[in-house]
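J.: One structure is given below, represented as structure tokens, and several questions about it will come after.
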Amino acid sequence: MTATPATRPQRGSLARCRAWLLSAAPQSRRQARLGRAYLAWRHFAENRLAVVGLGIIVLLVAVAALAPILAPYSPNAPALTQRLLAPGPAHWLGTDELGRDILSRIIFGARLTLYVVALVAVIAAPVGLLIGTIAGYAGGFLDTLLMRITDIFLAFPKLILALAFVSALGPGIENAIIAIAVTAWPPYARIARAETITIRNTEFIKAARLQGAGPVRLVWGHVMPLCLSSLIVRVTLDMAGIILTAAGLGFLGLGAQPPLPEWGAMISSGRKFMLDQWWVAAMPGVAIFIVSLGFNLLGDGLRDVLDPKAEER
Amino acid sequence: MIQVANLQVVFGRGRRANPALRGISFAVAAGEVYGIVGESGSGKSTVLNVLSGLWRHWSGQVSIDDRPMAGRRDRAFHKEVQMVFQDPYGSLHPRHTVDRILSEPVAIHRLGQSQARVLRALEEVGLDSAFRFRYPHQLSGGQRQRVAVARALILEPRILLLDEPTSALDVSVQAEVLNLLTRLQRERRLTYILVSHDLAVVAHMCRRLAVMRRGVIVEELTVEHLRQRRPRHPYTRQLISASIGYDRQAAEAQAEIDAEGEGD
């Protein structure tokens with residue numbers, strides 16, 4: 001890999017920084033780790049589409065963070081004189097049946113989307129990782145027990161199970177998050193277990209055992225780091241599905257409750273005007289589409305970078 | 001130092017039971033280098049797995065340092081007995097730097113002075129301290145095996161089990177690693193058990209060796225006997241004649257390398 005022509009003229013601190021990062025003889029753990037991260041980033045950046053995906057996600061985060069500044073109108077205050085206006089200079093994406101600006105609602109809805117996605121990932125991924133690695137490493141009875149529980153969860157379609165949980169817990173965005181997280185962890189446990197079983201019998205694990213490492217140290221320090229990359233890829237690729245499930249629950253009235261500007265709920269309320277005022281349902285749909293696409297592109301790019309088999313190069 | 005009597009290991013159960021070791025016995029004195037040769041599947045690596053505690057289902061008597069061994073091994077055992085694996089590409093964790101690989105045993109056994117110990121271990125196996133924060137994929141096969149040796153020695157064990165330590169390396173690097181192991185054995189008065197299918201390697205390192213076939217030791221002999229080609233058992237003779245052509249070439253190559261002096 002050579003430096004691109006655009007960056008070549010700057011020979012000052014940037015070049016020195018790069019040399020430091022790519023040093024064959026790192027002086028500290030931090031330098032070794034950063035150098036690795038930099039190489040991974042360079043590999044990732046070669047994939048244009050993945051960078052586009054990352055850009056979409058960064059944009060989503062920025063929009064969510066700056067929502068009060070970016071949104072031209074209040075997302076919830078109705079203005080009944082301006083009901084169902086078509087997209088135009090005053091309301092770029094039009095208004096809904098209560099006269100609320102759709103652009104502002106989508107901007108504030110980004111916060112809810114991010115909230116759902118982040119919480120589900122934070123709950124489901126560690127649970128799946130823990131259960132999968134413990135089952136895979138311990139084997140025997142514990143493995144059977146944990147995997148049968150996983151099978152029970154996997155036996156139901158995701159949305160149906162989430163629906164059942166939400167109707168038991170009561171509608172609302174927090175309950176929707178819990179329901180989605182409960183349905184999302186089993187595939188992660190499966191992946192983590194499969195990875196763990198291949199890792200368990202490698203010589204480096206045997207070597208660590210011969211040094212006297214206990215099961216906690218082995219699972220936490222040796223097995224989990226290797227499961228992490230395939231898990232991150234899978235979680236990123238699942239983000240789109242999580243968004244769609246959250247939107248689906250919102251659409252069915254079981255997720256975010258009005259007047260929260262949740263994208264799925266917005267589509268649901270726009271459904272009534274689909275033929276004459278298409279923008280009410282279409283605009284949040286486009287937002288869901290773009291964000292899901294972004295997560296999928298990002299996941300694909302991460303898979304190329306984090307694939308353990310690409311490690312050898 | 002190490003006594004093994006009537007050691008038996010059976011893989012599988014019932015009708016699919018496959019005896020891997022059918023009652024083998026040998027003894028290794030302190031400071032001795034003992035070789036075990038045999039073709040693949042002869043059970044020679046299983047012996048090491050039993051001795052190191054990786055394989056727990058065996059019967060017979062094994063005692064190390066006059067202490068009889070049972071199922072689980074304690075931490076003190078791991079400090080005394082270490083192992084070097086065959087494949088240096090598989091025996092180092094791909095996401096750990098050399099520094100982490102070497103400092104982990106120090107942390108497990110709470111020996112302290114991790115940094116000083118890591119630097120000393122690297123020096124002892126002839127690796128520059130510049131290698132300290134590299135990942136295994138940034139090292140060559142020979143360098144990796146040196147790291148594996150350093151990891152085994154950082155706990156200052158007295159017994160080292162070597163499972164074909166050079167068979168995954170190319171010939172020029174093999175000699176380097178063997179010389180390193182020989183030097184360390186002399187300096188630290190270590191006890192080695194070296195398992196190999198390569199008679200030349202065993203003859204280079206060991207004074208006594210056992211020839212294994214299908215789970216039994218068919219012959220135990222000294223290297224002098226091996227050199228004079230006076231083995232009693234026909235299987236040993238067969239092994240020797242199978243390796244002769246290669247043996248001569250290897251010996252000549254070895255002489256050349258020795259004449260040039262040690263270098264990378």
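J.: Residue A:230 passes all but one of (1) away from every other protein chain (no Cβ under 14 Å); (2) under 27 Å from the mean Cα position of the chain (by Cα); which number fails?
T.: (1)
J.: Do we have any residue at all in the range B:127-141 that's more than 14 Å from every other protein chain (Cβ to nearest Cβ), over 24 Å from residue A:221 (Cα atoms) and without any contact (Cβ under 8 Å) to a residue 40 or more places away in the chain?
T.: No; the residues of the range B:127-141 include none that is more than 14 Å from every other protein chain (Cβ to nearest Cβ), over 24 Å from residue A:221 (Cα atoms) and without any contact (Cβ under 8 Å) to a residue 40 or more places away in the chain.
J.: Kindly provide the set of residues from the range B:10-45 that are part of a helix (DSSP H, G or I) and in contact (Cβ under 8 Å) with a residue 40 or more places away in the chain, ordered by number.
T.: B:44, B:45
J.: Considering the range B:147-172 alone, what residues qualify as being open to solvent by 30 Å² or more (accessible area, probe 1.4 Å) and either in contact with a helix residue (DSSP H, G or I) (Cβ under 6 Å, 6 or more places away or on another chain) or under 29 Å from residue B:116 (Cβ atoms) (or both)?
T.: Listed by number, the residues that qualify are B:156, B:158.
Each row is one residue, and each column tells you yes or no for (1) within 11 Å of another protein chain (Cβ to nearest Cβ); (2) within 29 Å of residue B:12 (Cβ to Cβ); (3) in contact with a strand residue (DSSP E or B) (Cβ under 6 Å, 6 or more places away or on another chain); (4) of a type in the set (A, V, I, L, M, F, W, C).
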| site | (1), (2), (3), (4) |
| --- | --- |
| B:45 | no, yes, yes, no |
| B:52 | yes, yes, yes, no |
| B:76 | yes, no, no, yes |
| B:81 | yes, yes, yes, yes |
| B:86 | yes, yes, yes, no |
| B:90 | yes, yes, no, no |
| B:94 | yes, no, no, no |
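J.: Tally up the residues in the range A:113-136 that are open to solvent by 10 Å² or more (accessible area, probe 1.4 Å) and of a type in the set (Gly, Ala, Ser), please.
T.: Total meeting the criteria: 3.
J.: Can you tell me which residue is nearest to residue B:77 (Cα to Cα) among those in the range B:29-53 that are surrounded by fewer than 17 Cβ atoms within 10 Å (Cβ to Cβ) and either touching a helix residue (DSSP H, G or I) at 6+ places or on another chain (Cβ under 6 Å) or among the hydrophobic types (A, V, I, L, M, F, W, C) (or both)?
T.: B:30
J.: Since residue B:78 meets every condition but one in (1) in contact with a helix residue (DSSP H, G or I) (Cβ under 8 Å, 6 or more places away or on another chain); (2) not in a helix (DSSP H, G or I), which condition does it not meet?
T.: Answer for residue B:78: the failing condition is (2).
J.: With the checklist (1) more than 12 Å from the chain's Cα centre (by Cα); (2) buried (at least 20 other Cβ atoms within 10 Å of the Cβ); (3) part of a helix (DSSP H, G or I) in hand, flag the one item residue A:300 doesn't pass.
T.: Looking at each condition in turn, residue A:300 falls short on (2).
J.: Just wondering, is there one or more residues in the range A:75-85 that are open to solvent by less than 40 Å² (accessible area, probe 1.4 Å), of a type in the set (A, V, I, L, M, F, W, C) and in contact (Cβ under 8 Å) with a residue 40 or more places away in the chain?
T.: Among the residues of the range A:75-85, at least one is open to solvent by less than 40 Å² (accessible area, probe 1.4 Å), of a type in the set (A, V, I, L, M, F, W, C) and in contact (Cβ under 8 Å) with a residue 40 or more places away in the chain, which makes the answer yes.
J.: Among the residues of the range B:145-170, which ones are in a helix (DSSP H, G or I) and not β-branched (Val, Ile, Thr)?
T.: Result: B:145, B:146, B:148, B:150, B:151, B:152, B:153.
The values are calculated or read from the model by the stated rules, or taken from the named source; none is laboratory data. What you are looking at is a predicted structure, and each value in this text was computed from that prediction instead of being measured. Please note: Cβ atoms are built from the backbone with ideal geometry, for glycine as well, and neighbour counts cover all protein chains shown. Only protein heavy atoms, including side chains, enter the accessible area calculation; ligands, DNA and RNA are left aside. Shrake-Rupley method; radii C 1.70, N 1.55, O 1.52, S 1.80 Å.
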